[in-house]
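Trainee: A single structure is presented below for examination.
The values are calculated or read from the model by the stated rules, or taken from the named source; none is laboratory data. Quick caveat, the model's predicted, so the values are computed rather than measured. Cβ placement follows ideal geometry from the backbone for every residue including glycine, while neighbour counts extend to all protein chains displayed. With ligands, DNA and RNA removed, areas are computed over all heavy atoms of the protein, side chains included. Shrake-Rupley method; radii C 1.70, N 1.55, O 1.52, S 1.80 Å.
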Amino acid sequence: MAVQASALVGAPVNDAPGLLGLSGFGFNRAQSITFLVMLLLVVAGPFFLYPVLLMKLLCFALFACAFNLLIGYVGLLSFGHAMFFGTGGYLAAHAAKVWGLTPELAILVGTAFGAALGAVAGWIAIRRQGIYFAMITLALAQMVYFFYLQAPFTGGEDGIQRVPRGALFGLIDLRADMALYWVVAVIFLAGFLFISRVVHSPFGQVLKAIRENEPRAISLGYRVDDYKLLAFTLSAALAALAGSAKAIVFGIATLTDVYWTMSGEVVLMTLLGGLGTVFGPVAGAAVIVLMQNQLAELGAWVTVIQGIIFVVCVLLFRAGIMGELGRLLKVRL
Amino acid sequence: MDTILATEDLTKEFLGFTAVSGVSLNVRRGSIHGLIGPNGAGKTTCFNLLTKFLQPTRGSIRFDGRDITGMKPAEVARLGLVRSFQISAVFPHLTVLENVRVALQRARGRSFDFWRSDKVLGQYDARARALLEDVGLHTHAHLLAGELPYGRKRALEIATTLALDPVMMLLDEPTAGMTHEDVDRIVALVRRVAQGRTVLMVEHNLRVVEGLCDTITVLTRGRVLAEGDYAGVSRNPEVVAAYLGTDPAISGAQAHG
Ligand SMILES: Nc1ncnc2c1ncn2[C@@H]1O[C@H](COP(=O)(O)OP(=O)(O)O)[C@@H](O)[C@H]1O
Ligand SMILES: [Mg+2]
């Protein structure tokens with residue numbers, strides 16, 4: 001769907017160059033500082049909050065960043081990203097439990113399958129525009145959901161349970177939460193920086209040109225569908241990476257992660273945090289995950305509250321948390 | 001005659017309305033060919049057909065010895081047939097320099113490199129600046145393209161197109177809406193860049209057409225009404241009538257010519 005990344009456009013901003021070599025990821029000064037703050041929070045976090053909660057947060061943050069790569073920088077609204085998140089989870093869980101692979105290999109397997117599914121789903125979907133693109137991704141995700149519901153290896157309604165965390169490279173035991181936390185933190189940070197690099201790469205420059213004026217890009221000889229497909233595949237792979245990590249963290253892969261509500265949740269996180277902003281998806285994921293944790297005893301009401309947040313966002317804070325904050329401080333975040 | 005672009009019976013119907021009707025066009029290699037005609041004559045539709053942005057209802061197109069009728073627009077561009085748009089087509093939130101680099105990147109590689117920093121695109125800066133200098137935009141290199149005045153946007157568009165070193169350029173009303181000064185600049189530019197390539201241009205300003213074009217095709221209601229050099233075409237009574245009947249501003253310029 002053609003969505004303007006409103007946070008990228010508008011009032012003049014202070015775009016001083018980045019710090020500490022972070023400009024290699026396209027960060028300006030404000031973004032470099034925000035990154036360092038985020039780094040600090042990631043490192044200090046487990047000393048203040050439950051590591052498992054934080055790992056969940058980081059997995060969802062990476063998932064939202066992957067989704068944002070597609071909508072914020074290519075302008076494509078996927079309403080089926082749960083299929084990649086869930087595929088990562090199922091495949092990583094299966095690889096770790098049944099094949100007995102070490103966790104890093106299991107996560108790699110999940111990511112690879114997510115990328116492959118992304119290439120196929122993307123190939124089918126990207127030739128459609130606007131709402132049709134969203135509908136096709138949703139339809140494909142439903143098909144994938146029914147596949148996992150029926151497939152013998154997924155355990156149906158029960159999912160794959162008691163997935164061992166194993167030992168990293170077969171050496172470092174990850175059964176302790178703190179040990180696993182650092183692995184997840186590295187995965188999140190690497191994924192986050194990778195996305196920033198993609199956006200500020202020669203390829204990212206072409207994506208920007210396509211989003212700004214697609215007919216002109218075509219007239220310059222760009223086969224634009226190839227670029228959209230690569231972006232879609234990268235986004236799917238990263239979503240699957242997040243899902244794989246989550247399955248290893250919780251030792252379980254279930255239908256929840258491939259269900260359409262999960263696709264909706266990642267849209268909400270990204271919108272809440274700020275579509276097309278660098279840090280918005282992380283902020284949005286943090287708010288939603290922490291809120292779900294606080295309000296867990298309210299049961300179904302959580303969904304209602306999320307719905308209200310969604311409506312408020314759309315009506316009042318269209319640029320999201322980071323978009324509005326950036327507007328206030330006159331910087332890009 | 002060495003024909004670079006030839007169409008045969010080119011026809012485009014929109015829901016029963018025929019916008020382009022049986023056009024057989026022959027553009028000579030190395031020439032500047034003008035396509036003129038009143039508003040709604042089908043000139044832009046012709047450009048869309050030639051560059052494959054539209055699929056013809058009937059007819060065929062040959063470019064540089066190849067049948068391109070069934071090709072996709074990006075493939076046609078890769079063969080060296082590159083168009084501009086009637087409504088100026090720049091990438092507004094890219095800088096002027098980046099606009100040109102996007103074209104260089106396509107022609108010279110690196111457009112799929114997603115793991116590298118975009119700093120590697122600096123390798124194209126020298127060439128991009130040279131192209132900008134060519135169109136008088138080198139002092140504007142770091143402005144956002146969207147902030148340029150209209151005439152400068154058209155110049156940027158031409159620089160971007162030239163970055164692909166096209167065999168043939170299609171320019172859709174390159175001087176429309178420009179001040180006198182800008183028009184002169186564009187005319188000089190087109191004449192210069194036409195060295196060693198072919199240009200097909202839609203143009204309303206008949207003085208520009210007279211000054212630049214070797215051959216002129218007149219289109220009305222989707223059909224070719226006349227073809228020839230400026231002197232021949234402007235003496236054609238049907239052409240005069242067509243212009244008098246539709247656009248007094250142009251027929252004024254016509255009388256002047
Ligand atoms: N996509 C379209 N659908 C329907 N009619 C169109 C379309 N494009 C152009 N036309 C019609 O075709 C005719 C020729 O248009 P155009 O080629 O833009 O003329 P020109 O460029 O000579 O002014 C006009 O009557 C226009 O309304
Ligand atoms: Mg036109």
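Trainee: Suppose the filter is open to solvent by 20 Å² or more (accessible area, probe 1.4 Å) and modelled with pLDDT of 95 or more; does A:THR87 pass it?
Mentor: Against the criterion (open to solvent by 20 Å² or more (accessible area, probe 1.4 Å) and modelled with pLDDT of 95 or more), A:THR87 does not qualify.
Trainee: Pairs please, first residue from the range B:103-115 and at the interface with chain A (Cβ under 8 Å from one of its Cβ atoms), second anywhere and in a loop (DSSP other than H, G, I, E, B) and open to solvent by 20 Å² or more (accessible area, probe 1.4 Å), Cβ atoms under 9 Å, 6+ apart in sequence or on different chains.
Mentor: Qualifying pairs under 9 Å: B:ALA103/B:LEU164; B:ARG106/B:LEU164; B:ALA107/B:LEU164; B:ALA107/B:ASP165; B:ARG110/B:ARG116.
Trainee: Let me ask another. Condition check: of a type in the set (A, V, I, L, M), part of a helix (DSSP H, G or I) and within 24 Å of A:VAL198 (Cβ to Cβ). Does A:LEU62 satisfy that?
Mentor: In short, yes.
Trainee: Among what's in the range B:165-198 and is within 14 Å of chain A (Cβ to nearest Cβ) and away from ligand 1 (no atom under 16 Å from the Cβ), pick the residue that is most open to solvent (accessible area, probe 1.4 Å).
Mentor: B:ASP165
Trainee: Name the helices (runs of 4 or more DSSP H) wholly inside the range A:165-252 in which the number of residues that are open to solvent by 30 Å² or more (accessible area, probe 1.4 Å) and in contact (Cβ under 8 Å) with a residue 24 or more places away in the chain is 1 or more.
Mentor: The helices (runs of 4 or more DSSP H) meeting that bar are A:177-199, A:202-212, A:224-250.
Trainee: Right, next: In the list B:LYS153, B:LYS119, which residue meets the criterion of being among the charged types (D, E, K, R), touching a residue at least 60 places away in the same chain (Cβ under 8 Å), over 29 Å from B:ARG29 (Cβ atoms) and assigned to a helix (DSSP H, G or I)?
Mentor: The match here is B:LYS153.
Results for (1) within 16 Å of ligand 1 (Cβ to nearest atom); (2) in contact with an Asp or Glu (Cβ under 6 Å, 6 or more places away or on another chain), shown as yes or no for each residue.
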{"site": "B:PHE47", "(1), (2)": "yes, yes"}
{"site": "B:LYS52", "(1), (2)": "yes, no"}
{"site": "B:GLY59", "(1), (2)": "yes, yes"}
{"site": "B:ARG83", "(1), (2)": "yes, no"}
{"site": "B:GLN86", "(1), (2)": "yes, yes"}
{"site": "B:ALA103", "(1), (2)": "no, no"}
{"site": "B:ASP113", "(1), (2)": "no, no"}
{"site": "B:GLY122", "(1), (2)": "no, no"}
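Trainee: Restricting attention to helices (runs of 4 or more DSSP H) lying wholly within the range B:1-112, give those where 1 or more residues are out of contact with any helix residue (DSSP H, G or I) (no Cβ under 8 Å at 6 or more places or on another chain), within 30 Å of B:HIS142 (Cβ to Cβ) and within 16 Å of ligand 2 (Cβ to nearest atom).
Mentor: No helices (runs of 4 or more DSSP H) qualify here.
Trainee: On the given criteria, is A:GLY24 at pLDDT 80 or above, within 14 Å of chain B (Cβ to nearest Cβ), surrounded by fewer than 19 Cβ atoms within 10 Å (Cβ to Cβ) and more than 19 Å from the chain's Cα centre (by Cα)?
Mentor: Spelling it out, A:GLY24 is indeed at pLDDT 80 or above, within 14 Å of chain B (Cβ to nearest Cβ), surrounded by fewer than 19 Cβ atoms within 10 Å (Cβ to Cβ) and more than 19 Å from the chain's Cα centre (by Cα).
Trainee: Something else about it: I need a count of the residues in the range A:83-108 that are over 18 Å from the mean Cα position of the chain (by Cα), aliphatic (A, V, I, L, M) and outside any loop (DSSP other than H, G, I, E, B).
Mentor: 5
Trainee: I'd like to know if the range B:199-222 contains one or more residues that are open to solvent by 20 Å² or more (accessible area, probe 1.4 Å), within 16 Å of ligand 1 (Cβ to nearest atom) and assigned to a strand (DSSP E or B).
Mentor: There is at least one residue in the range B:199-222 that is open to solvent by 20 Å² or more (accessible area, probe 1.4 Å), within 16 Å of ligand 1 (Cβ to nearest atom) and assigned to a strand (DSSP E or B).
Trainee: Which residue, of B:VAL82, B:VAL100, B:VAL90, B:VAL76, is within 12 Å of another protein chain (Cβ to nearest Cβ) and farther than 18 Å from A:ALA209 by Cβ?
Mentor: B:VAL76
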